[in-house]
Amino acid sequence: MKKKDIIEGKIIKTEFPNKGTFICEDQKVTVKGVIDGQTIKGQVTKKRKSGCVVRLLDVLEKSPLEDAKPVCPHFGICGGCFYQTVSYENQLKIKEGMVRDLLKDHVNDDIWEEIKGSPKVHGYRNKMEFSFGDEVKDGPLALGMHKKNTFHDIVNITDCQIVDNDYNLIVKCALNIAQQMELPFYHKMRHEGYFRHLVVRRAESSGDILVNIVTTSQVEADLTKLRDALLELPLSGKIIGILHTTNDSLADVVQADKIDILYGQDYFYEEILGLKFKISPFSFFQTNTLGAEVLYKTARDFVGETKDKVIFDLYSGTGTIAQMLAPVAKKVVGVEIVEEAVEAAKVNAELNGLDNCEFIAGDVLKVVDELEDKPDFIVLDPPRDGIHPKAIQKIIDFGVEQMVYISCKPTSLARDLEVFEAAGYKVKRATAVDQFPNTVHIETVVLLSQQKPDDTIEIDLDLDELDATSAELKATYQEIKDYVLKEFGLKVSNLYISQVKRKCGIEVGENYNLPKSENARVPQCPKEKEDAIKAALKYFAMI
């Protein structure tokens with residue numbers, strides 16, 4: 001196998017978010033964007049000693065898990081909803097399996113709680129950012145989502161299924177008027193043009209809608225016709241604000257140099273678990289309101305008894321979790337780096353009559369050194385990349401008995417759990433909450449508890465049962481070979497396995513796989529294969 005070769009194979013294993021592997025010519029092959037059990041065709045893009053990476057070209061045979069028909073006309077072109085060919089029941093099984101696999105070193109069957117699904121599978125998103133552009137180079141103006149695997153091309157979105165139909169009507173209207181205005185979209189490479197984004201937010205509780213038209217300042221344009229056309233739409237909800245945001249940033253992000261209100265107001269209210277939240281154009285809020293209720297109920301359950309406790313909510317955003325806990329806590333201190341989110345949290349706390357919440361703007365890494373309060377409990381809800389390594393140590397130094405960690409990226413959680421466990425914390429409860437149906441994303445919640453040196457556990461052992469169990473956990477050489485080939489795409493010999501066993505202190509026959517004479521040259525197990533064999537021994541609970 002060499003670069004640019006076209007190869008085929010059946011996916012035998014997938015890892016979060018949707019990276020699969022198969023074996024081709026005795027080598028491990030990795031490919032993104034696949035489902036377990038699919039037979040695919042791909043082109044080799046990277047060649048390594050451990051195997052190769054291929055780019056997906058086509059799915060030749062569907063996976064047995066693909067038991068549904070896509071409901072969205074944009075599926076396969078739009079880069080959004082990956083799992084539309086999979087029933088929601090199977091989506092949950094896939095996501096749960098991936099999270100369990102990532103956390104297998106930290107979470108066993110006794111403490112894992114079944115994945116929790118979203119109350120809505122379609123029409124659940126309360127915010128969408130649509131981009132202006134063209135579907136093909138120099139084509140007519142388009143408005144929608146980025147085309148799959150491209151940076152420039154835009155797919156016109158007319159019937160998106162993860163939002164309320166009000167969004168689709170608004171997008172069609174905005175595109176129609178923008179085309180009539182004959183003004184160019186902002187070209188990301190040339191940094192020229194006018195129309196950039198259309199951001200729509202909708203309250204689940206009331207149907208109130210904010211529409212935000214984002215442009216550059218390169219053209220003096222009159223948006224009155226667009227405003228009036230939007231207000232005439234036959235929507236199930238109600239537009240209560242139309243905004244014009246000027247953004248001259250070179251980066252392809254939605255930010256505001258200036259905001260003008262074209263109609264109504266620049267906020268609405270959302271309700272969740274009996275609390276009210278003021279949502280402005282750039283407020284952070286969970287994109288699945290009903291799913292967020294499931295997530296926050298789960299977090300509140302994991303936190304448990306909070307009476308007379310001081311709780312730190314680190315990476316607190318607009319203070320949603322803090323305000324869920326405040327009514328039954330002595331005090332809640334939230335720390336968030338985004339100043340606008342902190343100001344929103346203060347407004348929301350006042351709105352809900354909560355006077356025991358304190359919100360501080362700043363980086364957790366720096367702010368924790370300045371906090372006067374000492375926490376009895378800590379809630380962590382960091383961004384996708386997880387917690388800064390230096391911040392983790394400072395959090396550990398507080399010495400709280402328990403923490404709840406909410407993660408929107410389980411790979412980051414798995415990495416951070418290693419640090420917490422090295423410091424004496426163990427996972428006591430764990431689950432996943434699906435906030436993003438039809439996509440590859442998932443939220444994970446774990447309860448961490450500090451294991452003190454004087455903690456003891458009394459157990460009764462039947463020696464006969466212990467011997468039987470030990471025997472069951474001893475994998476054969478062939479089983480170890482099969483595991484290493486399947487998981488790593490490597491072939492290993494009995495000699496290499498016995499060498500690694502001896503290194504790990506596992507009893508091996510006195511003369512098993514030893515050379516016949518003292519001067520015989522014996523090949524030593526390469527590091528890559530040694531690591532793979534150790535992984536197998538760990539999998540079979542032999543080390």
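The values are calculated or read from the model by the stated rules, or taken from the named source; none is laboratory data. Just so we're clear, the structure is a prediction, and the values are computed from it rather than from any experiment. FYI the Cβ positions are ideal-geometry reconstructions off the backbone, even for glycines, and counts take in every protein chain you see. Calculation scope for accessible area: heavy atoms of the full protein, side chains included, ligands and nucleic acids excluded. Shrake-Rupley method; radii C 1.70, N 1.55, O 1.52, S 1.80 Å.
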Completion exercise
the chain accessible area per residue, 1.4 Å probe, protein heavy atoms, integer Å², reads 50 Å²
Completion exercise
Given 228-237, 323-332, the highest-first ranking by average Cβ count within 10 Å works out to 323-332, 228-237
Practice task
Measure nothing but the geometry: give the 0 to 90° angle between the long axis through the Cα atoms of 494-503 and the longest principal axis through the Cα atoms of the chain, rounded to 10°.
Solution key: 80 degrees
Exercise for the section: Mind giving me the FRET efficiency for I77 and K258? R0 is 35 Å, r the Cβ-Cβ distance, nearest 0.05 is fine. Expected result: 0.55
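First check a/c for the stretch 266-388, with a ≥ b ≥ c the square roots of the eigenvalues of its C-alpha gyration tensor; if it is under 1.5, answer rounded, and if not, answer prolate when a/b is larger than b/c or oblate otherwise.
rounded
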Completion exercise
With the dipole of the chain defined by +1 on each Lys or Arg Cβ and -1 on each Asp or Glu Cβ, the option from V294, Y477, L183 whose Cα lies farthest towards the positive pole is Y477
Completion exercise
In debye to the nearest 20, the charge dipole size for the stretch 135-191, taken about the Cα centre with +1 at each Lys and Arg Cβ and -1 at each Asp and Glu Cβ, equals 280 debye
Problem - Dipole-positive endmost among I259, T245, V34 within the chain (Cβ charges, Cα centre) - result: V34
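On the accessible surface of the stretch 302-349, probed at 1.4 Å, how many percent belong to carbon and sulfur atoms?
Answer for the stretch 302-349: carbon and sulfur cover 55 percent of the accessible area.
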Problem - Computed over the stretch 72-191: relative contact order in percent, which uses C-alpha pairs under 8 Å that are six or more apart - result: 25 percent
Exercise for the section: Tell me what the chain gives for mean residue ellipticity at 222 nm when only DSSP H runs of n ≥ 4 count, each as -39,500 (n - 2.57), the sum divided by the residue total, rounded to 500 deg cm²/dmol. Expected result: -8000 deg cm²/dmol
Problem - Out-of-range pairs (alpha-carbon distance over 29 Å; input K120/K374; K148/K409; K127/K374; K95/K188; K93/K330; K3/K538) - result: K120/K374; K127/K374; K95/K188; K93/K330; K3/K538
Practice task
Please work out the Kirkwood hydrodynamic radius for the stretch 136-209, using every pair of different C-alpha atoms, and report it in angstroms with one decimal place.
Solution key: 13.6 Å
Practice task
Let me know the shape class of the chain, please: from the alpha-carbon gyration tensor, a ≥ b ≥ c as square roots of the eigenvalues, rounded when a/c is under 1.5, otherwise prolate if a/b is greater than b/c, or oblate.
Solution key: oblate
Handout entry: Length-normalised contact order for the stretch 5-148 - Cα pairs under 8 Å, 6+ apart - percent
Key = 16 percent
Completion exercise
Percent antiparallel among DSSP beta bridges confined to the chain, nearest 5, equals 70 percent
Practice task
Let me have the relative contact order for the chain, percent, based on Cα pairs under 8 Å that are six or more residues apart.
Solution key: 11 percent
Exercise for the section: Any chance you could give the angle, 0 to 90 degrees and rounded to 10, that helix 289-303 forms with the longest Cα principal axis of the chain? Expected result: 50 degrees
Problem - Simple label model, 7 Å out from Cα along Cβ direction - K10 to E479, nm - result: 2.4 nm
Problem - Signed unit charges on C-beta, dipole axis of the stretch 267-411, positive-most listed residue V332, L380, V368 - result: L380
Practice task
For the stretch 1-76, give the percent of accessible area contributed by carbon and sulfur heavy atoms, probe 1.4 Å, rounded to a whole number.
Solution key: 48 percent
Handout entry: Charged-residue dipole, Cβ positions (Lys, Arg, Asp, Glu), the chain about Cα centre, Debye nearest 20
Key = 2300 debye
Handout entry: By average C-beta atoms within 10 angstrom, highest first, the peptides 92-102, 362-372
Key = 92-102, 362-372
Handout entry: Estimated distance in nm for a label pair at R384 and E271, the labels positioned 7 Å out from Cα along Cα-to-Cβ
Key = 3.3 nm
Exercise for the section: Calculate the length of the line joining the C-alpha centroid of the stretch 233-272 to that of the stretch 88-116, in whole Å. Expected result: 38 Å
Fill in the blank from the handout: The aspartates and glutamates whose Cα lies under 16 Å from the Cα of K172, excluding any fewer than 8 residues away in the same chain, are E129, D134, E135, D159, D164, E182, D228, E232
Exercise for the section: Would you mind checking the tilt of helix 527-539 against the longest principal axis of the Cα atoms of the chain, expressed as 0 to 90 degrees and rounded to 10? Expected result: 90 degrees
Handout entry: Global geometry of the stretch 186-263, whether rounded, prolate or oblate, following the gyration tensor of its Cα atoms and the 1.5 cut on a/c
Key = prolate
Exercise for the section: Could you sort 149-157, 13-21 so that the peptide with the highest average Cβ count within 10 Å comes first and the rest follow in order? Expected result: 13-21, 149-157
